[in-house]
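The values are calculated or read from the model by the stated rules, or taken from the named source; none is laboratory data. All values reported here derive from a predicted model rather than from experimental measurement. Reconstructed Cβ throughout: ideal geometry from the backbone, glycine too, with neighbour counts over all protein chains shown. Protein only, heavy atoms only, side chains kept; ligands, DNA and RNA dropped before computing areas. Shrake-Rupley method; radii C 1.70, N 1.55, O 1.52, S 1.80 Å.
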Amino acid sequence: MKKNELILIIDFGGQYNQLIARRVRECNVYSEVVPFDISIEKIKEKNPKGIIFTGGPASVYGDDSPKCSKEIFELGIPILGICYGMQLMTYTLNGNVARATKREYGTTDVNIDNTSLLFKGFNNTNGFLMSHTDYVETLPDGFKNIGYTSSCPNAAIENKERKLYGIQFHPEVNNSINGTQVIRNFLYNICNCSGDWTMSSFVQDSIKVLKEKIGDKKALCALSGGVDSSVAAVLLSKAIGKNLTCIFVDHGLLRKNEGDEVEEIFTKQYDINFIRVNAKDRFLEKLAGVTDPEKKRKIIGEEFIRVFEAEAKKLGTIDFLVQGTIYPDVIESGLGKGAVIKSHHNVGGLPDYVDFKEIVEPLKSLFKDEVRKTGLELGIPENLVYRQPFPGPGLAIRIIGDITEEKLDILKEADYIFREEISNSGLHKNINQYFAVLTNLRSVGVMGDERTYDYTLALRAVETTDFMTGVWSKIPYEVLEKVSSRIVNEVKHINRVVYDITSKPPATIEWE
Ligand code: XMP
């Protein structure tokens, strides 16, 4: 198989490292994030067209600061050092890095030399995000200055002959104006990339590789109805057809109609061996009386595996197990320098003792937006591809306290109305996650001439890019009013609707 051009992103611990990798890919060049202590042999083996050193919180003079070997600069591979990466390049090549008296932070006008290949097409000044205390004071031999700000004398440097570049600012973030263009210039003007990374080439190449790898052996996929497992399943089915079986464990805790929608797509649109296990009763039985959120998660995770295993056993020998792991999971668990994965978010993962010969992870090199593009490329409907995140334990963690079938039905209806109205108002494009929560609070109301004593429903809507932090969405009152009035009128046993106006932190997105 033809290998894609590669840009190696060497990780020095910066918070924007995944973003750098994504920006490179947005420019149609494949990129991989690797730890800073990668060996020179490994780099040679990977044969990248260029290397980017990321930023990082350390100072090059710190005892434990991540370093690189001088040899990397002798490879003849173009290198762009960003922030700490630039300082490290300077330090390693015997320039001098100094500590400023004051930290420079924010989008800052940088005076740039637009005759440099790195800044081709830019005006003489451009606003970029600066965020540093240390700065490059003296350049290494052979380097020249190609940018400065009012408080940073060397905001950009180059050694054109050796194709080594350093920038103190962060081109990868949105606060830098035309920042991606700097990355694009590095890729195309300096590394001479041709831009061979597209989702359609990914799909074609993957199908070929999967065909070769699996041949006419059997593969099994656990479908959750989420984007990742759906895309993985369709990709596999294009490669191995009927040798793929998908098991969709419907735990009954999905949103209204969702289980049927998944079944419809996979049975009508694709020619896949599709098994739906309706296991709602089994799950509800296990969950009866359980109020602790972590206990709910654990029960659902374990039960999911049990149901899946029992179904898989009926199929006889299975060679490959398909998993929808995506690149951020790989980066977070593989590099792990300060990155934290929330363990409770791995509900639905399969334990080691499940008896399969090998795991296939066809999406493990893709970012989420690339998974979605792949899904569209494969013909998966937009409403599934752009589905908002939905937790593995489903509505169980949106019913506060114990779960009953009645509560589940109430929540499904109310949540459906909320989503419908958000969609009708066009707000769904700006709100990243929105849902209803059934609280275990009951209060007095009046309906007609009758006194009621019913549940309070909470609405939650957040705007976020990473789901680690987020702000509550300022939904217009008229929309909230309509949602509230429809819910109390159309859904039995809800007589009060409240809107959650807490951001994350201090609150989390889910209530449990
Ligand atoms: P929190 O509530 O921690 O949620 O602010 C952040 C994001 O993670 C999702 N979430 C989960 N996803 N299993 C999952 O697969 C879980 O147990 C779980 N808990 C929270 C949540 O929906 C949000 O997108």
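Need a quick list: strands (runs of 3 or more DSSP E) entirely within segment 84-162 having at least 2 residues that are open to solvent by 10 Å² or more (accessible area, probe 1.4 Å).
Numbers: elements: 96-112, 125-138, 144-148, 156-159.
Because the criterion is at least 2 residues that are open to solvent by 10 Å² or more (accessible area, probe 1.4 Å), the strands (runs of 3 or more DSSP E) in segment 84-162 that meet it are 96-112, 125-138, 144-148.
For the subset of segment 414-438 comprising residues that are away from the ligand (no atom under 16 Å from the Cβ) and among the hydroxyl-bearing types (Ser, Thr, Tyr), which member is nearest to ASP369 (Cα to Cα)?
So the residue we want is SER423.
Identify all residues within segment 500-512 that are closer than 19 Å to GLY401 by Cα and either free of Cβ contacts under 8 Å to residues at least 40 places away in the same chain or more than 16 Å from the ligand (Cβ to nearest atom) (or both); write none if there are none. First the steps, then the outcome.
Let us first name the residues in segment 500-512 that are closer than 19 Å to GLY401 by Cα, namely 500, 507-512.
Within segment 500-512, ALA507, THR508 qualify.
Among the listed residues ASN174, ASN178, ASN126, which satisfies the condition of being over 26 Å from LYS70 (Cα atoms), at pLDDT below 95 and polar (S, T, N, Q)?
On the way: ASN178 fails: at pLDDT below 95; ASN126 fails: at pLDDT below 95.
Every option except ASN174 fails the conditions.
Inside segment 375-407, can you point out the residues that are at pLDDT 95 or above and touching a strand residue (DSSP E or B) at 6+ places or on another chain (Cβ under 7 Å)?
ARG398, ILE399, ILE400, GLY401, LYS407
Consider segment 397-410. How many of its residues are away from the ligand (no atom under 15 Å from the Cβ) and either open to solvent by less than 30 Å² (accessible area, probe 1.4 Å) or not in a helix (DSSP H, G or I) (or both)? Talk me through it step by step, then tell me what you get.
Step one: filter segment 397-410 for residues away from the ligand (no atom under 15 Å from the Cβ), giving 401-402, 404-410.
From the residues that got through so far, the ones that are either open to solvent by less than 30 Å² (accessible area, probe 1.4 Å) or not in a helix (DSSP H, G or I) (or both) too are 401-402, 404, 407-408, 410.
The total comes to 6.
Report, by residue number, each residue of segment 445-487 that is within 16 Å of the ligand (Cβ to nearest atom) and not in a strand (DSSP E or B). Write out each step before concluding.
If we filter segment 445-487 for residues that are within 16 Å of the ligand (Cβ to nearest atom), which is where we start, we get 458-473.
Result: THR464, THR465, ASP466, PHE467, MET468, THR469, SER473.
Working only within segment 502-512, note down all residues that are surrounded by 12 or more Cβ atoms within 10 Å (Cβ to Cβ) and either touching a Lys or Arg at 6+ places or on another chain (Cβ under 6 Å) or assigned to a loop (DSSP other than H, G, I, E, B) (or both). Give the steps one after another, and end with the answer.
Our first condition is that a residue be surrounded by 12 or more Cβ atoms within 10 Å (Cβ to Cβ); within segment 502-512, this holds for 502-504, 507-512.
Correct list: THR502, SER503, ALA507, THR508, ILE509, GLU510, TRP511, GLU512.
So, LYS67, is that one basic (Lys, Arg) and in contact with a helix residue (DSSP H, G or I) (Cβ under 9 Å, 6 or more places away or on another chain) or not?
Numbers: basic (Lys, Arg): yes; in contact with a helix residue (DSSP H, G or I) (Cβ under 9 Å, 6 or more places away or on another chain): yes.
Yes; evaluated as a whole, the condition is true for this residue.
Inspect segment 270-280 for any residue being modelled with pLDDT of 95 or more, crowded, with 16+ Cβ neighbours inside 10 Å and assigned to a loop (DSSP other than H, G, I, E, B) and give the result as yes or no.
yes
Filter segment 293-335 down to the residues that are within 20 Å of LYS217 (Cβ to Cβ), open to solvent by 40 Å² or more (accessible area, probe 1.4 Å) and of a type outside the set (A, V, I, L, M) and list them by number.
Scanning segment 293-335 gives LYS313, LYS314, GLY316, THR317, GLN323.
Would you point out the residue of segment 459-489, among those that are among the hydrophobic types (A, V, I, L, M, F, W, C) and more than 16 Å from SER425 (Cβ to Cβ), that is most open to solvent (accessible area, probe 1.4 Å)? Reasoning before the result, please.
Of the residues in segment 459-489, the ones among the hydrophobic types (A, V, I, L, M, F, W, C) are 459, 461-462, 467-468, 471-472, 475, 479-480, 483, 487-488.
Filter once more, so that each one left must be more than 16 Å from SER425 (Cβ to Cβ): 462, 467-468, 471-472, 488.
Working: VAL462: 2, PHE467: 64, MET468: 107, VAL471: 72, TRP472: 63, VAL488: 35 Å².
Of everything passing the filter in segment 459-489, MET468 is most open to solvent (accessible area, probe 1.4 Å).
Would you call ILE77 over 16 Å from PHE169 (Cα atoms) and open to solvent by less than 10 Å² (accessible area, probe 1.4 Å)? Give the derivation first.
Numbers: over 16 Å from PHE169 (Cα atoms): yes; open to solvent by less than 10 Å² (accessible area, probe 1.4 Å): no.
No: the conditions fail for ILE77.
Of the residues ASP415, ASP369, which single one is at pLDDT below 95, within 24 Å of LYS504 (Cβ to Cβ) and either assigned by TED's automatic domain parsing to the domain that holds SER229 or buried (at least 19 other Cβ atoms within 10 Å of the Cβ) (or both)? Spell out how you get there, then give the answer.
Details: ASP415 fails: at pLDDT below 95.
The conditions single out ASP369.
Which of the residues spanning segment 282-292 are open to solvent by 60 Å² or more (accessible area, probe 1.4 Å), touching a residue at least 24 places away in the same chain (Cβ under 8 Å) and within 20 Å of ALA222 (Cβ to Cβ)?
The answer is ARG282, and nothing else.
Quick one: would you say LEU187 is touching a strand residue (DSSP E or B) at 6+ places or on another chain (Cβ under 6 Å), surrounded by 16 or more Cβ atoms within 10 Å (Cβ to Cβ) and in contact (Cβ under 8 Å) with a residue 40 or more places away in the chain?
Against the criterion (touching a strand residue (DSSP E or B) at 6+ places or on another chain (Cβ under 6 Å), surrounded by 16 or more Cβ atoms within 10 Å (Cβ to Cβ) and in contact (Cβ under 8 Å) with a residue 40 or more places away in the chain), LEU187 does not qualify.
Please enumerate the residues belonging to segment 223-238 that are surrounded by fewer than 21 Cβ atoms within 10 Å (Cβ to Cβ) and more than 22 Å from the chain's Cα centre (by Cα).
Within segment 223-238, LYS238 is the sole residue that qualifies.
Identify all residues within segment 39-62 that are open to solvent by 30 Å² or more (accessible area, probe 1.4 Å), within 19 Å of GLY76 (Cα to Cα) and of a type outside the set (D, E, K, R); write none if there are none.
Result: SER39, ASN47.
So which residues in segment 372-396 are within 15 Å of the ligand (Cβ to nearest atom), open to solvent by less than 40 Å² (accessible area, probe 1.4 Å) and in contact with a Leu (Cβ under 9 Å, 6 or more places away or on another chain), if there are any at all? If you could, list the steps in order and put the result at the bottom.
The first filter runs over segment 372-396 and keeps only residues within 15 Å of the ligand (Cβ to nearest atom), leaving 386-396.
After this cut, where a residue has to be open to solvent by less than 40 Å² (accessible area, probe 1.4 Å) as well, the list is 387-388, 391, 393-396.
Matches in segment 372-396: PRO393, GLY394, LEU395, ALA396.
Quick one: would you say SER194 is under 27 Å from GLU261 (Cα atoms) and open to solvent by 20 Å² or more (accessible area, probe 1.4 Å)?
On the way: under 27 Å from GLU261 (Cα atoms): no; open to solvent by 20 Å² or more (accessible area, probe 1.4 Å): yes.
No, not satisfied.
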